[in-house]
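Engineer: Sending over a structure as structure tokens; questions will come in a sec.
Since every read-out is calculated from the coordinates, none of them should be taken as a lab result. Computed from a predicted structure; not experimentally measured. Cβ sites come from the backbone with ideal geometry, for glycine too, and all protein chains shown count toward neighbours.
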Amino acid sequence: MNSSMLSIRWLGRVKYSDALALQEELVACKASDPSAPDELLLLEHEPVYTIGRTPDQSSLRDAAALPHPLVQTNRGGQATYHGPGQLVGYPILDLRVRGQDLHRYLRNLEETLIALLGDYGLAAGRSPGQTGVWIGGRKIASIGVGVRRWISMHGFALNVSGDLAPFTAITPCGIVGVEMTSVSRECGREVSVREVAERIEPHFQAHDQLVPAAPAR
């Protein structure tokens, strides 16, 4: 899956540590060489819990009792779960040519997923004061990003199919009482992660807002 502006790679099922190492490599390359291509890595993870850079670990509840491994990672945000059936997207983008506006970048990721879910007839949207994507009061996608020298890493996790029970061992994204849902659950039929991954490119491109370069003086 490629376009003239962005390289989109489907990696299949990847260990969290391997995906993080790849992101680190691509971010370092992009930071030192602005001509390196922007990338969107699409994948599934082996079951894992992650939590961002925060002194408040309460969203983990009892970290020692988690049924899957826990990784503290270099993104923002509280605890979440990744596993089979979830489409994870890691955009490695140069935000220096996108206005260096983290708030707008987060909103663009949300708009990409909202439009993608529209392909399935799902009326998704935002929840006031929260980052992510909801259908009614049910959360279907989480977003947590990291930025180094204005190069983005980490990104979004869209629940497509599979078991949502692992979310019940934590307080997802620190939101007490949140109900997690998936594309398959909302559609009432099984939807594959790869199918959804194949649909994302036009929506990502449509909401990837480059800032025109200033004219030469």
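Engineer: When you count, for each residue, the other Cβ atoms within 10 Å and take the mean per peptide, how do 26-33, 168-175 rank with the highest first?
Structural biologist: Those peptides, ordered most packed to least, come out 168-175, 26-33.
Engineer: When a footprinting reagent is the concern and you count Cβ atoms within 10 Å, what order do Tyr90, Tyr120 take, fewest first?
Structural biologist: Ranked by crowding around the Cβ, least crowded first: Tyr120, Tyr90.
Engineer: Measure nothing but the geometry: give the 0 to 90° angle between the long axis through the Cα atoms of 102-118 and the longest principal axis through the Cα atoms of the chain, rounded to 10°.
Structural biologist: Helix 102-118 and the main axis of the chain meet at about 60 degrees.
Engineer: Now for a separate question. To the nearest 20 debye, what is the magnitude of the charge dipole of the chain about its Cα centre, counting +1 on the Cβ of each Lys and Arg and -1 on the Cβ of each Asp and Glu?
Structural biologist: On the way: 21 positive and 23 negative charges, 98 e Å.
It comes to approximately 460 debye.
Engineer: Take the Cα radius of gyration of region 7-206 and divide it by 2.2 N^0.38 Å, with N its residue count; two decimals is plenty.
Structural biologist: So region 7-206 has a normalised radius of gyration of 0.96.
Engineer: Add -39500 (n - 2.57) for each DSSP H run of 4 or more in the chain, then divide by its residues: what number comes out at 222 nm, to the nearest 500 deg cm²/dmol?
Structural biologist: Helix contribution divided over all residues of the chain: -8000 deg cm²/dmol.
Engineer: Turning to a different aspect of this structure: What does the net charge come to around His203 if you take all other residues with beta carbon closer than 10 Å to its beta carbon, with K and R at +1 and D and E at -1? Don't skip to the answer; put the middle values down first.
Structural biologist: Details: positive: Arg199; negative: Glu111, Asp119, Glu201, Asp208.
Once all neighbours under 10 Å are counted, the net charge is -3.
Engineer: Among Asp56, Asp38, which comes first, second and so on when ranked by fewest other beta-carbon atoms within 10 Å?
Structural biologist: Details: Asp56 9, Asp38 20.
Ascending number of Cβ neighbours within 10 Å: Asp56, Asp38.
Engineer: Let me ask another. Have a look at the DSSP beta bridges in the chain and tell me what percent are antiparallel, nearest 5.
Structural biologist: Within the chain, antiparallel bridges account for around 70 percent of the total.
Engineer: So, one more: Can you tell me the dipole magnitude for region 96-186 around its Cα centre, using point charges on the Cβ only (Lys, Arg +1; Asp, Glu -1), in Debye to the nearest 20? Display every interim value, and only then the final one.
Structural biologist: Working: 10 positive and 7 negative charges, 95 e Å.
Its charge dipole is roughly 460 debye.
Engineer: Counting only other residues whose beta carbon sits under 13 Å from that of Asn74, what net charge do I get with K and R as +1, D and E as -1? Let's see the in-between values first.
Structural biologist: Values: positive: Arg53, Arg75, Arg148; negative: Glu24.
With Lys, Arg at +1 and Asp, Glu at -1, the net is +2.
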